[in-house]
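Below is one structure; the comments refer to it alone.
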Amino acid sequence: MSSTKYAAKRKNTKQQWQHNLLLSTIGMSLLLSSVGIVYVKHSTRQMFGELHQLQASRDQLNTEWTQLLLEQGTLTTDGRVDAIANDALKMRTPRPRDMIWVKQ
């Protein structure tokens, strides 16, 4: 084999190797990108489901908070406090002669 043919064959082999390396690199990049896309899509779906659960929980807590505020308003009315003081605690409003006025 002459040196020219040997050099040409060696050059073709080197170009073939570089071509195969480039194709392998592109193929691996595509594969990794595909796996990354699937992973991100899966994570997004999980987070979206979790978001809906948290929003439902927030709505339930807001409803409960509103009910508690209404209950507090009902329990702290002056009439109710007076009724409990009179009935349960046997308290009464002092008569004017039982009051002591303090001046500063």
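Things to note:
- Under 16 Å of direct C-alpha separation, and excluding same-chain neighbours fewer than eight residues apart, Lys41 reaches no lysines at all.
- Per-bin percent of Cα-Cα distances, segment 3-92 [10 Å]: 13, 14, 12, 12, 10, 9, 8, 7, 6, 4, 3, 2, 0
- In nm, spacing of pseudo-spin labels at Val38 and Leu51 (7 Å Cα→C-beta vector): 2.4 nm
- Folded to 0 to 90 degrees: helix 3-75 orientation relative to the chain principal axis, Cα: 10 degrees
- Label-to-label distance, Gln104 versus Thr63, with points set 7 angstrom from Cα along the beta-carbon direction: 5.0 nm.
Where a number appears in this text, it was derived from the coordinates with a stated rule and is not lab data. Keep in mind that this is a model prediction, so the values were computed, not measured. Using ideal geometry, Cβ is built from the backbone for each residue, glycine included, and neighbour counts are taken over all protein chains shown.
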